[in-house]
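Any read-out appearing in this document is the output of simple, stated calculations on the displayed coordinates, not a laboratory observation. Since this is a predicted model, take the numbers as computed values, not measurements. Methodologically, a virtual Cβ is constructed for each residue, glycine included, from the backbone with ideal geometry; neighbour enumeration extends over all protein chains shown.
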Amino acid sequence: PTNWVSKFGGPVWEYVPEFDEYYLHLFDPTQADLNWFNEDVQNEMCDILNFWINKGVRGFRFDVVNLISKPETWENDYEGDGRRFYTDGPRMHEYLKLMNSKAFGNGDFITVGEMSSTSIENCRKYSGEAEKELSMVFNFHHLKVDYKNKEKWTVMPFDFQELKQLFVKWQLGMQENKAWNALFWNCHDQPRSLSRFGDDKNYPKESGKMLATTIHMMQGTPYIYQGEEIGMTNAYFTDISQYRDVESMNYFEIMKSEGKTEEEIYQILADKSRDNARTPMQWNADINAGFSTATPWIGVNPNYTTVNVESALEDKESIFYHYQKLIQLRKTHKAISEGEYVPMLMEHDSVYAYRRVHDEEEILVLNNFYGKKTTVELEDVEGYEVLISNYPNKDIQKTMELDPYESIAYIRK
């Protein structure tokens, strides 16, 4: 076997004594990798897709799909953890084109691929209009901007400039090649964006709405992960017994063996554990947040008494209603759903700004990513009016002061 490291820690190879052989698992030992070199595997996967298509399914999400194509030869990685040998492998586009041609490519389907440690060059093909592979792709580069030395199990404030540069790179890079981004902050594998990129203590509403506007006004298809729309936060667990995620529990032991103190480890887990996204949905202030009267498999976030769906629906200024407005605006304005993306204010140290343009319609978006006031200088401000804001509306000006986490979009027709 090679010396590759599993995504969840430990070796990627598992020995089976009765066969005197090893099998590959890039993730957990219970998740053996399939042998896509075998045509029977390829055909079976197409049969599975068609089974669900025949039942009326019209959308498919492919989990870490860009890892299915393995190398022709196996070699040790003395520079990294092995991913450079199996990510975006040599036959990836062939496999996606096969599934497209034999299954979902013959109708009105939505397909999205989760792409691990991918490249924009490959994603342009995975979701390129002319390539006949997938509708759109998730990439995770923007969710590694708080990785110290690019290592996940570390603590570091997010690098705003890197975040902004990545957004611009992927927006322009995909746009130029008629490819399509899946836009997101949150998923089952990531800590909560409100705790990660916003301020869940002092400015939960303002920063939650700002993060929503940032994503929903960009080019691509926005995805909303359960609880994001009501401002759910990280769980801030304080003991390993509260965790359920195999990755978190494995790395708790790995970090201990590396000499980190438990205080350091708990801070890292509080920031980075996938369990932050997996606590029960907070419906109301009743027992277990209204999720169940039985004991849930993982503990409920203690803030469920104030952060819940019932409270959000009662508050007309809640994050939830901001999401509703953003969804309606996307359905109403082609500048949002189809328009060109144009970056702005690239050198600003706290504001992410861009324009969306479609025919005569133009939308200008300003997002302050920090809990302090800041000023922006704009040039062409004639004819704009407020489209959506997370503060009381203010007229656009050539010199504008933005409040903490202020997010405002203007429209000109």
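Data table
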| read-out | value |
| --- | --- |
| Nearest-0.05 FRET efficiency for Glu377 and Gln165, computed from C-beta distance (R0 22 Å) | 0.65 |
| Calculated FRET value between Asp315 and Phe158, using beta carbons and R₀ = 30 Å, to 0.05 | 0.60 |
| Beta bridges by DSSP in the chain, antiparallel share as percent, to the nearest 5 | 75 percent |
| Label assignment, Cα extents along the principal axes in Å derived from the structure, set (1) 95, 50, 39; (2) 70, 68, 44; (3) 73, 50, 44 | (3) |
| DSSP-assigned coil residues among trypsin sites (Lys or Arg not before Pro) in the stretch 121-196, each with at most 11 further Cβ atoms within 10 Å | Lys150 |
| Linear extension gain, Arg91 paired with Glu44, 0.36 nm per residue minus alpha-carbon span | 15.2 nm |
| Given charges at beta-carbon only (K, R positive; D, E negative), |dipole| of the stretch 34-86 in Debye | 440 debye |
| Neighbour-count ranking [beta-carbon atoms within 10 angstrom, fewest first] of Thr233, Thr87, Thr30 | Thr30, Thr87, Thr233 |
| Two-site FRET efficiency, Glu151 against His358, from Cβ-Cβ distance with R₀ of 41 Å, rounded to 0.05 | 0.50 |
| Size of electric dipole in the chain: Cβ of Lys, Arg +1 and of Asp, Glu -1, about Cα centre, debye, nearest 20 | 880 debye |
| Charge dipole (the chain, unit charges on Cβ, about Cα centre) - positive-most of Gly173, Thr261, Ile388 | Ile388 |
| Approximate spin-label separation Glu264-Val5, in nm, with each point projected 7 Å along Cα-to-Cβ | 1.5 nm |
| Leu194, Leu313, Leu163 arranged by Cβ crowding within 10 Å, fewest neighbours leading | Leu313, Leu163, Leu194 |
| Which of Glu114, Glu314 has the fewest Cβ neighbours within 10 Å, and the rest in rising order | Glu314, Glu114 |
| Where a label projected 7 Å from the Cα of Trp74 along Cα→Cβ would reach, residues of the stretch 19-63 with amide N under 19 Å | 19-39, 41 |
| For the chain, calculated [θ]222 nm from helices alone, where every DSSP H run of n ≥ 4 adds -39500 (n - 2.57) | -8500 deg cm²/dmol |
| Paramagnetic reach from Lys102 (point 7 Å along Cα→Cβ, amide N under 13 Å) across the stretch 16-49 | 36-49 |
